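The values are calculated or read from the model by the stated rules, or taken from the named source; none is laboratory data. None of the values given here were measured: they were computed from a predicted structure. Accessible surface areas use protein heavy atoms only, side chains included; no ligands, DNA or RNA. Shrake-Rupley method; radii C 1.70, N 1.55, O 1.52, S 1.80 Å.
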Amino acid sequence: MKMFIKLSVASVSGAVVYLIYNVNQTLRKGMGTLEETNKTLEEVRNAVHGLTQESKQLIHSANQITADVKGKMENVDPLLESAQDVGEMIHNVTNSMKEASLESRHKELSAPTAPLIRTEAEGVQIKIK
């Protein structure tokens, strides 16, 4: 029976040593994985930091461009308003000319046929058909 106990103790001791060896190997692999994860996280942090700096610069540039465009648009606004005023004036003159032409045409069509009449006071010649 003593032999059986010695053999059992030896088996248990061997199993414990084997278990400790496997746990040790697993922990080492886990530590290696954690180290690689830490390196990867550090690289990601550096990349994100770099992107953050680039993004800040891009936003700053966009803000400068926006301010520049806004200033230029403010400078162009009076020119556009003047162009609109000129367009309205041309429209008014065109409408006045159309109305005058229609009135003149209406007078020509409604007046009796007569020779050329000249009004000296106005200095205008009107030919009536």
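Stretched out fully, how many nm does the piece from Ala10 to Ser55 gain, at 0.36 nm a residue minus the Cα gap?
On the way: separation 45, 0.36 × 45 = 16.20 nm, distance 6.61 nm.
9.6 nm is the gain from fully extending Ala10 to Ser55.
Taking all protein chains as present, what is the carbon and sulfur share of the accessible area of region 4-82, in % to the nearest whole number, probe 1.4 Å? Please report the intermediate quantities before stating the final value.
Numbers: 4690 of 7160 Å².
Within region 4-82, the accessible surface is 66 percent carbon and sulfur.
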